Amino acid sequence: MVKLLVGHKGSGKTKQMVDMANDCLDKVNGSVVFINKNQRLMYDLNYRIRVVCMDDYELITNTDEYIGFILGIISQDHDIETIYIDSIMKHADVTLEDLPKFIKRLADTSEKYGPDFVVSLSADKEELGAWVGEYEILN
């Protein structure tokens, strides 16, 4: 399952996502992963959450490589229940045009391998188009 947090920069998506990740620890039996652009949220997240900073992986430059990276994370820990991806459009040169295919691939990955995804998008729902209606919007 893929859930989305949408809204322009400064609308509180990251804070909401951090709170969701920290709160979910009481409800999960497995692992939680939080993918962020940089190190700035490291101390806002509970120590039990695996934090991945994409600045450390600058060779990931497109959505195909990003999906491969996520599959690598999943292959190393079969107990991952949720993967949070903050501000995906700041990672790997992801554009609005890339999002429908990328989010669909996340949904396929979730269906096949199990983890749920929560993804924040810096755009209004209207900017994203009709495809966004296929996914749960959390805000």
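The values are calculated or read from the model by the stated rules, or taken from the named source; none is laboratory data. Just so it is clear, the model here is predicted, and its values are computed rather than measured. Here the Cβ is made from the backbone with ideal geometry for all residues, glycine too, and neighbour counts use every protein chain on show. Protein only, heavy atoms only, side chains kept; ligands, DNA and RNA dropped before computing areas. Shrake-Rupley method; radii C 1.70, N 1.55, O 1.52, S 1.80 Å.
At a glance:
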item	result
Single residue of ASP23, ASP44 found to be touching a helix residue (DSSP H, G or I) at 6+ places or on another chain (Cβ under 8 Å) and open to solvent by 80 Å² or more (accessible area, probe 1.4 Å)	ASP44
Residue pairs meeting the criteria (Cβ under 8 Å; at least 6 apart or on separate chains; first in a loop (DSSP other than H, G, I, E, B), in the range 37-62; second open to solvent by 80 Å² or more (accessible area, probe 1.4 Å))	LYS37/LYS90; THR61/ASP93; ASN62/ASP93
Which numbered condition ASN29 misses (of (1) out of contact with any Asp or Glu (no Cβ under 6 Å at 6 or more places or on another chain); (2) polar (S, T, N, Q); (3) in contact (Cβ under 8 Å) with a residue 60 or more places away in the chain)	(3)
Test: residue in the range 74-97 that is part of a helix (DSSP H, G or I) and loosely packed, with under 12 Cβ neighbours inside 10 Å	yes
Residues that are assigned to a loop (DSSP other than H, G, I, E, B), open to solvent by 10 Å² or more (accessible area, probe 1.4 Å) and closer than 23 Å to ASN29 by Cα, drawn from the range 98-139	GLY114, LEU138
Cross-chain or 6+ apart pairs with Cβ under 8 Å, the range 109-120 first and within 13 Å of MET17 (Cβ to Cβ) and of a type in the set (Ser, Thr, Tyr), then at pLDDT below 95 and not in a strand (DSSP E or B)	SER120/LYS13; SER120/THR14; SER120/MET17; SER120/ASP86; SER120/SER87; SER120/ILE88
Condition met for ILE83 (at pLDDT 95 or above, under 14 Å from PHE34 (Cα atoms), over 12 Å from the mean Cα position of the chain (by Cα) and β-branched (Val, Ile, Thr))	no
